[in-house]
Amino acid sequence: MDKPDILQMAPYPSWDIDALERRFSLHRYFEAADKDAFVRDRAERIRGIATRGEMGAGRSLIAALPNLEIIAVYGVGLDAVDLDAACDRDIRVTNTPDVLTQEVADFGVAMMLAASRGVVGADHWVRSGAWAERGYYPLQTRVFGKRVGILGLGRIGREVARRCAAFGMDIAYCDLKERGAAEGWAFIPDPAELAGRSDILFVTLTGGPATRHMVDRAVIRALGPAGLLINISRASTVDESALLDALETRALGFAALDVFNGEPRINPRFLALDNVLLQPHQASATVETRKAMGKLLYDNLAAHFEGRVLPTPVL
Ligand code: 8YV
């Protein structure tokens, strides 16, 4: 069988690689020392790109591959793929929606509980011997009954809201239009107003120019010194320097973050703070969900090269 040449932008777990290698000829971009030369050397042969949500495929890479037919994203976010460049050349784009929705929502709630109840700090308290030497861990903050704001009531935001409702929390959300009436969730069209009535603000927006810095200084100020900000979407949705200023001055109470500008090399100012919970972009990172994502990436590529309907097309 013909093995189409695929540019593999980043590593995948071994089970995905085994399946992909049986069907495709993989070119490991991420292992190349000179990436431009690597692409140049195989530019004519490459017919597909297999990438990850945070990595995508930019305009210059797409332009460098004259025979590119498909970009398959292992992830739901498309903000790092230049969709206009793909569209101009009728290049197909696929992602992995739905299979990660519950996982990311679970992780958002895990971050809320861990941040509110001081789970990480309390673990250090026990390990360091402080429990025996200094006594009980400082009292933390209750979650049930608190007011939650969901910024972006898409697939993931909706699942976060459902989970928070089960915790007996009061739910409000901001989106382009009202979409939580059936559940009785309050629709607040303005992000700063939503933050002002929230104890905890979840950011579950799609990344990209339309949502860039939607969490700005005004939103952060409105959330306030007792507020908790949780970001499980994209770093671009938050003005990171405003966030750092607010955390350093305690104008914002606490932030639980799974995404960062320039990740994995995050701003070192975060590391000096004791009012943050820092996670390495792992909201969808379970064996079960990553297997489902890998299978969907494979199925999209295979469907394309076999002339079948794509399971989850974007373009
Ligand atoms: C993944 C993501 O961590 O779905 C996305 O857009 O950012 C995450 O689920 C990522 O795509 C895998 O690297």
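The values are calculated or read from the model by the stated rules, or taken from the named source; none is laboratory data. In this text, all values refer to a predicted model and were calculated from it rather than measured experimentally. Note: ideal-geometry Cβ built from the backbone for every residue, glycine included; neighbour counts use all protein chains shown. Side chains are part of the model used for accessible areas, which takes the heavy atoms of the whole protein and leaves out ligands, DNA and RNA. Shrake-Rupley method; radii C 1.70, N 1.55, O 1.52, S 1.80 Å.
Return the lysines within reach of Lys146: Cα separation strictly under 29 angstrom, same-chain partners fewer than 8 residues apart disregarded; answer none if there are no such residues.
Cα-Cα hits under 29 Å: Lys177.
Out of Leu176, Leu68, Leu205, any idea which swings most in a Gaussian network model of the chain, alpha carbons joined below 10 Å?
Leu176
Give the cross-link partners of Lys35 among the lysines, using a straight C-alpha distance below 24 Å as the criterion and excluding same-chain residues fewer than 8 apart.
In chain and number order, the partners are Lys3.
How far is the Cα center of segment 50-83 from the Cα center of segment 130-202, in Å?
Segment 50-83 and segment 130-202 have Cα centres separated by 33 Å.
What is the gain in length, in nm to one decimal, between Leu113 and Asp190 on full extension, counting 0.36 nm per residue of separation less the C-alpha to C-alpha distance?
Extra length from Leu113 to Asp190 when fully extended: 25.1 nm.
Compute from the Cα atoms of segment 167-315 the Rg and the Dmax, the latter being the longest Cα-Cα distance, and quote both in angstrom.
18.1, 57
Please say if segment 84-158 is rounded, prolate or oblate, where rounded means a/c under 1.5 for a ≥ b ≥ c the square roots of the C-alpha gyration tensor eigenvalues, and otherwise the choice is prolate for a/b larger than b/c and oblate otherwise?
prolate
Computed over the Cα atoms of segment 211-270, what is the ratio Rg over Rh, Rh following Kirkwood?
In segment 211-270, Rg relative to Rh is 0.92.
Expressed in whole Å with the largest first, what are the equivalent ellipsoid semi-axes of the chain derived from the C-alpha gyration tensor as the square root of 5 times each eigenvalue?
38, 22, 18
Let a ≥ b ≥ c be the square roots of the eigenvalues of the Cα gyration tensor of segment 136-229; is it rounded (a/c under 1.5), or, if not, prolate (a/b larger than b/c) or oblate?
Judged from the Cα gyration tensor, segment 136-229 comes out oblate (a/c at least 1.5, b/c at or above a/b).
Is the shape of segment 180-245 best called rounded, prolate or oblate, per the rule: a/c under 1.5 gives rounded, else a/b larger than b/c gives prolate, else oblate, with a ≥ b ≥ c the square roots of the Cα gyration tensor eigenvalues?
Because a/c hits 1.5 or more and a/b fails to exceed b/c, segment 180-245 counts as oblate.
Residues with beta-carbon under 13 Å from that of Asp5, excluding Asp5: net charge, scoring Lys, Arg +1 and Asp, Glu -1?
That sum, taken over residues with Cβ under 13 Å, equals +1.
Under a point spin-label approximation (7 Å from Cα along Cα-to-Cβ), what is the Asp2-Ala166 distance to one decimal in nm?
4.7
From the alpha carbon gyration tensor of segment 1-98, can you work out the equivalent ellipsoid semi-axes (sqrt of 5 times each eigenvalue) and give them in Å, largest to smallest?
18, 17, 13
Which one, Gly168, Ile6, Thr237, projects farthest toward the positive side of the charge dipole computed for the chain from Cβ point charges (K/R +1, D/E -1)?
Gly168
At 1.4 Å probe size, with no ligands or nucleic acids counted, give the accessible surface of Glu288 in Å², nearest ten.
130
Relative contact order, percent, of segment 1-139 when contacts are C-alpha pairs under 8 Å separated by at least 6 residues?
Dividing the mean separation by the residue count of segment 1-139 yields 17 percent.
Relative to the first principal axis of the alpha-carbon coordinates of the chain, what is the inclination of helix 240-249, with its axis defined by its Cα atoms, in degrees from 0 to 90 and to the nearest 10?
20
At Leu315 and Glu133, where each label point lies 7 Å from the Cα along Cα→Cβ, what is the point-to-point distance in nanometres?
About 5.8 nm, to one decimal.
Kirkwood Rh over Cα pairs of segment 70-195 into Stokes-Einstein at 10 °C, 1.306 mPa s: D in µm²/s?
In µm²/s, the coefficient rounds to 90.
Given the options Gly157, Gly75, Gly53, state which has the largest fluctuation in a GNM of the chain using a 10 Å cut-off (strictly under) for Cα springs.
Gly53
If I take every Cα pair under 8 Å that is 6 or more residues apart in the chain, average their sequence separation and divide by the length, what percent do I get for the relative contact order?
16
Please compute the modelled spin-label separation between Glu21 and Asp216, points set 7 Å along Cα→Cβ, answer in nm with one decimal.
For the pair Asp216/Glu21, the computed spacing is 5.0 nm.
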